[in-house]
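J.: First the structure, then my questions, so here it is.
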Amino acid sequence: MIKKSVKAIIKDKNFVEYCSFYSVDSNEVVNDDSLMNHIQENQTSLEQLIAGYMEMGALNQEICGEFWNCECSSDHADELKE
């Protein structure tokens, strides 16, 4: 695996997501070689994780749309019995 340079990682569109995933401030990552090395070493896994969540987002919306009426109906089931 080829590691991106520090400059390339900082400019990466997902840099903020990397920092969020590790619960660190972006300035902390820039100034800490060990954090930056960890991100460089795990960037492929993080990219796959981000892509997976993005793909699942559409599927989750579709599932919610299909079952929305079921949930609404169950919320009012007691009212319908009266």
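J.: Which of the residues spanning region 26-43 are assigned to a helix (DSSP H, G or I) and not aliphatic (A, V, I, L, M)?
T.: Answer for region 26-43, where residues must be assigned to a helix (DSSP H, G or I) and not aliphatic (A, V, I, L, M): Ser26, Asn27, Glu28, Asn31, Asp33, Ser34, Asn37, His38, Gln40, Glu41, Asn42, Gln43.
J.: Taking region 12-25, which residues are assigned to a helix (DSSP H, G or I) and farther than 19 Å from Leu49 by Cα?
T.: Result: no residue meets the conditions.
J.: So, one more: Only one residue in Asp32, Asp25 is over 20 Å from the mean Cα position of the chain (by Cα) and at pLDDT 90 or above. Which one? Walk me through how you get there before you give the answer.
T.: Numbers: Asp25 fails: over 20 Å from the mean Cα position of the chain (by Cα).
Asp32 is the lone residue from the list that is over 20 Å from the mean Cα position of the chain (by Cα) and at pLDDT 90 or above.
The values are calculated or read from the model by the stated rules, or taken from the named source; none is laboratory data. Owing to the predicted nature of the structure, the values given are computational and were not obtained by experimental measurement.
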